Amino acid sequence: TSDIVFSGAGTANLYNNLAGDISTTANNQGTITSVGSSQTITGNVGTSTLGLSSLNIGSNTDATNYSTTTVNGNVFATSTVLNNNGTTNSSQLILSTGKNITSSISTADANMGILTLTGGTQTVTGSVGSGAELKEVNAGVNGSNSTFSSDVFATNLDLEGTGTVNLNGNFEGTAINYNDAGIVNLANGKNITAAIISDGV
């Protein structure tokens, strides 16, 4: 199909790739659940004025289901939830280069779930890992500039390259890991509660 349009509070389960946009006729309406183990949504999820109710990565009704889902567009949703395979396999949301997400991002299982920003200029608007911290947030690839507008709770924040990560809220977790000569900018009055580790470069 080319597009999915919600005209009510329905749910659509994606078992394979979707080539098109996902939209809604009313704000905070409609739920998308990615059920395939590895799949791609090529378009936007919601719009800046009409966001979806929820984007589920992995099933929220089948505890054995987890997913690695790549979104090639922007995401606008009230909530984005990483549903994992118990405490064995994490679901992962991969946001393509230059794309943004306006949504809270949470995990159904503490210390599970992965958020990956792939590059360019990207903004995450909404809390990340509030209530139960994510396993991992990946950002800071070469040439990138990633901004987190709110608090981030994750076991690890990994800077994968020489890019810049802007923390406009607090960061709380186990470690910020520098895998290269990346930069973290911490906003005035905000705090980091974590070890800061460099691989020595």
Can you confirm whether GLY30 is buried (at least 20 other Cβ atoms within 10 Å of the Cβ) and within 22 Å of PHE153 (Cα to Cα)? no
Given the criteria open to solvent by 40 Å² or more (accessible area, probe 1.4 Å), in contact with a Lys or Arg (Cβ under 9 Å, 6 or more places away or on another chain) and of a type in the set (D, E, K, R), does ASP151 qualify? yes
If I filter the stretch 36-45 for residues that are assigned to a loop (DSSP other than H, G, I, E, B) and surrounded by 20 or more Cβ atoms within 10 Å (Cβ to Cβ), do I get at least one hit? no
Can you tell me which residue in the stretch 121-148 is most open to solvent (accessible area, probe 1.4 Å), limited to those that are of a type in the set (Ser, Thr, Tyr) and in a loop (DSSP other than H, G, I, E, B)? SER130
Residue check for ALA154: over 23 Å from ASN17 (Cα atoms) and part of a loop (DSSP other than H, G, I, E, B): no
Sole miss for ASP109 among (1) part of a loop (DSSP other than H, G, I, E, B); (2) open to solvent by 50 Å² or more (accessible area, probe 1.4 Å) is condition (2)
Scan the stretch 159-180 and give yes if some residue there is open to solvent by less than 30 Å² (accessible area, probe 1.4 Å), within 21 Å of ASN89 (Cα to Cα), among the small types (Gly, Ala, Ser) and in contact (Cβ under 8 Å) with a residue 40 or more places away in the chain, otherwise no. yes
Unmet requirement for SER2, which otherwise passes all of (1) in a loop (DSSP other than H, G, I, E, B); (2) closer than 20 Å to ILE101 by Cβ: (2)
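The values are calculated or read from the model by the stated rules, or taken from the named source; none is laboratory data. Keep in mind that what you see is a predicted model, and the values were worked out from it rather than measured. All Cβ positions, even for glycine, are placed from backbone atoms using ideal geometry, and neighbour counts span all protein chains on display. Note: areas computed on protein heavy atoms with side chains; ligands, DNA, RNA excluded. Shrake-Rupley method; radii C 1.70, N 1.55, O 1.52, S 1.80 Å.
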